[in-house]
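Accompanying notes for the structure given below.
The values are calculated or read from the model by the stated rules, or taken from the named source; none is laboratory data. Just so you know, these numbers come straight off a predicted model, no measurement behind them. Note: ideal-geometry Cβ built from the backbone for every residue, glycine included; neighbour counts use all protein chains shown.
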Amino acid sequence: MPKVNYGKMLDDRLAELEASGEKPTLLLHACCAPCSSHTLEFLHSHFRITLYFCNPNIAPEEEFDFRLSELKRLVREMGLDIEVIEEEYDPKPFFELAKGLEELPERGERCQRCIELRLRMAAAKAKELGCELFTTTLTISPHKDCQFINECGARIADESGVDYLFSDFKKHEGYKRSIELSRQYGLYRQNYCGCVYSKANSQKDRSENG
Ligand code: SF4
């Protein structure tokens, strides 16, 4: 299947909005502050954004709390008038979906289910709040499957009736910019994706590589 240029799709959408002068409401699912930094800088003049921290995959709870507090600090220090809403810490649905898939490497089926869970929750929250669109910061990560994320978002949009904003936030040096902004704001950059399995893998890699 030919690769879709999701970065261009986003550029085209932003150009349309600019031409029309519209500024729709967007529920932006946020995985962490570093991934949100460039994404917010890139999107905030085009949308009325609500940030949604919904990550039942993250462990332990202290890590969840710290990533959330860094996200809130970032929004404050960037001077953005954006509300951050959060789902309470409840890892049960994540452990349910990960059953039998604990040993899989990143980008495998466990990750696909993990991403789908968070996108579903984001679409449901967007619907509840009456937001016109939803999307996720996750496409900024070079470790994530951008095509899967966007296809999954489109499927959930069809089912939920809430429009999905296609994206590839890596474009326009987005990932590099997120590193610069993380440095500028002194953000905590975690060394594992989020779940206990990714944490164990990261520890193993570091001990193997000294
Ligand atoms: S590695 Fe990341 S995306 Fe994959 S299951 Fe764990 S937290 Fe979710």
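Values computed for the structure shown
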| read-out | value |
| --- | --- |
| Which numbered condition Thr139 misses (of (1) without any contact (Cβ under 8 Å) to a residue 40 or more places away in the chain; (2) more than 10 Å from the ligand (Cβ to nearest atom)) | (1) |
| Filtered residue count, region 143-156, keeping only those that are modelled with pLDDT of 95 or more and not in a helix (DSSP H, G or I) | 2 |
| Scope region 192-210; condition modelled with pLDDT under 95 and either closer than 30 Å to Arg13 by Cβ or assigned to a loop (DSSP other than H, G, I, E, B) (or both); matching residues | Asn209, Gly210 |
| Residue count for region 83-94, restricted to those that are more than 10 Å from the ligand (Cβ to nearest atom) and part of a helix (DSSP H, G or I) | 2 |
| Positions within region 38-59 being in contact (Cβ under 8 Å) with a residue 60 or more places away in the chain and within 27 Å of Arg113 (Cβ to Cβ), in sequence order | His38, Thr39, Thr50, Tyr52, Cys54, Asn55, Pro56, Asn57, Ile58, Ala59 |
| Single match in Lys127, Lys99, Lys92 (criterion: of a type in the set (Lys, Arg), exposed (fewer than 15 other Cβ atoms within 10 Å of the Cβ) and in contact with a Gly (Cβ under 8 Å, 6 or more places away or on another chain)) | Lys127 |
| Residue in region 157-171 that is assigned to a helix (DSSP H, G or I), within 14 Å of the ligand (Cβ to nearest atom) and either at pLDDT 95 or above or over 26 Å from Glu22 (Cα atoms) (or both) present | no |
| Leading residue by the ranking (nearest to the chain's Cα centre (by Cα)) among those in region 174-208 that are aromatic (Phe, Trp, Tyr) and within 16 Å of the ligand (Cβ to nearest atom) | Tyr192 |
| Candidate set: region 102-124, residues that are exposed (fewer than 15 other Cβ atoms within 10 Å of the Cβ) and within 9 Å of the ligand (Cβ to nearest atom); chosen: the one farthest from Gly174 (Cα to Cα) | Leu104 |
| Answer residue from region 44-65, given it is within 16 Å of the ligand (Cβ to nearest atom) and assigned to a loop (DSSP other than H, G, I, E, B) and is nearest to Leu27 (Cα to Cα) among those | Cys54 |
| Among the candidates Leu80, Leu97, Leu74, Leu68, residue that is among the aliphatic types (A, V, I, L, M), outside any loop (DSSP other than H, G, I, E, B) and touching a residue at least 24 places away in the same chain (Cβ under 8 Å) | Leu74 |
| Region 44-63, subset among the hydrophobic types (A, V, I, L, M, F, W, C) and more than 14 Å from the chain's Cα centre (by Cα), residue surrounded by the fewest Cβ atoms within 10 Å (Cβ to Cβ) | Ala59 |
| Residues within region 10-43 that are in a loop (DSSP other than H, G, I, E, B) and surrounded by fewer than 17 Cβ atoms within 10 Å (Cβ to Cβ), tallied | 4 |
